[in-house]
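To keep things clear, I will list the structure first and then write my remarks on it.
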Amino acid sequence: MSHPIIAPSILAADFANLQRDVEIINHSDADWLHIDIMDGEFVPNISFGFPVLEAIRRYAQKPLDVHLMIVQPDRYLEQFAQAGATTITVHYEACTHLHRTLSRIRELGCRAGVALNLQTPVTALEDILDAVDQVLIMTINPGFGGQKLVRSSVQKVRKMRRLLAEYQSPALIEVDGGIDLDTITELAEAGADVFVVGTSVFKAADPALAIRQLKERPFLQRPSPMA
């Protein structure tokens, strides 16, 4: 047995006390720090841009898992790499030439991730798996935190795990949305490796304890997390 890779989402943090919340994650059992970048066009919400990301990087001691929910992400890949991203994840639905985009992310020295919205089938990735380090399965409609897990996404994780096995891909499966102590085990058993958690951590009375409890849930052996 192993433990899940936990990636708290800074979107759920207290932005009036951002350094404090980043330090909480630094001193917790969390593995990565998940950062949602939203432009108000690809999703109906706006989060933050480079100044906040660079501020987070100054204090963060965990790898930065940057999730771009924006149109035309190619325009900004170099800037996100320079701002400290360890992983850059783009949406399948936002990229005209996805393989080229993922290859560019790797050229910049980052891990390349691709995200799928609820309606996008996992088979859409069959031809680009050689360029992917992780696949982010959205388990809610993207844009806002605090939503409940969409039940159909559990089966989608299973399908993704089978597809990766078929193509002998070492890519990790990441899930984002509605993840807490009640849903993490089911998603892990379906094949997920990385769990983005927001309100279930930052709204907890003791965020570090909440992270520790999530990591203690049973989890099947999966590929190693990012170095």
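The values are calculated or read from the model by the stated rules, or taken from the named source; none is laboratory data. Note that the structure is predicted; figures quoted are calculated from it, not measured. Note that we place each Cβ from the backbone using ideal geometry, even for glycine, and neighbour counts take in every protein chain shown.
Structural remarks
- Residue that is modelled with the lowest pLDDT, among those in region 125-143 that are more than 13 Å from the chain's Cα centre (by Cα) and under 24 Å from residue 45 (Cβ atoms): 143
- Here is the figure for region 30-47: residues that are in contact with a strand residue (DSSP E or B) (Cβ under 7 Å, 6 or more places away or on another chain) and either surrounded by fewer than 20 Cβ atoms within 10 Å (Cβ to Cβ) or in a loop (DSSP other than H, G, I, E, B) (or both) total 10.
- Residue within region 74-82 that is touching a residue at least 40 places away in the same chain (Cβ under 8 Å), over 23 Å from residue 169 (Cβ atoms), crowded, with 20+ Cβ neighbours inside 10 Å and not polar (S, T, N, Q) present: yes
- Boolean, residue 151 is at pLDDT 95 or above and either crowded, with 18+ Cβ neighbours inside 10 Å or among the charged types (D, E, K, R) (or both): no
- Checked against the criterion of being within 25 Å of residue 214 (Cβ to Cβ) and out of contact with any strand residue (DSSP E or B) (no Cβ under 8 Å at 6 or more places or on another chain), region 83-92 contains not a single residue that satisfies it.
- In region 174-211, residue surrounded by the fewest Cβ atoms within 10 Å (Cβ to Cβ) [restricted to those that are among the hydroxyl-bearing types (Ser, Thr, Tyr) and under 27 Å from residue 163 (Cβ atoms)]: 185
- Within the set 118, 68, 125, 149, the sole residue that is within 21 Å of residue 34 (Cβ to Cβ) and either of a type in the set (Val, Ile, Thr) or assigned to a helix (DSSP H, G or I) (or both) turns out to be 125.
- Picking from residues in region 87-121 that are among the β-branched types (Val, Ile, Thr) and crowded, with 20+ Cβ neighbours inside 10 Å, the one that is nearest to residue 69 (Cα to Cα) is 90.
- Flag if residue 14 is crowded, with 21+ Cβ neighbours inside 10 Å and either β-branched (Val, Ile, Thr) or closer than 26 Å to residue 215 by Cα (or both): no
- Hits in region 160-195 (condition: among the β-branched types (Val, Ile, Thr), under 15 Å from the mean Cα position of the chain (by Cα) and part of a helix (DSSP H, G or I)): 184
- The set of residues in region 25-47 being more than 12 Å from the chain's Cα centre (by Cα) and within 25 Å of residue 188 (Cα to Cα) consists of 25, 26, 27, 28, 29, 30.
- In region 1-17, the residues that are modelled with pLDDT under 90 reach residues that are polar (S, T, N, Q) with C-beta atoms within less than 8 angstrom, at least six apart or across chains, in these pairs: 1/221; 2/221.
- Qualifying residue in region 34-45 (condition: touching a Lys or Arg at 6+ places or on another chain (Cβ under 9 Å) and either polar (S, T, N, Q) or closer than 15 Å to residue 64 by Cβ (or both)): no
- Test: residue in region 56-66 that is exposed (fewer than 15 other Cβ atoms within 10 Å of the Cβ) and of a type in the set (D, E, K, R): yes
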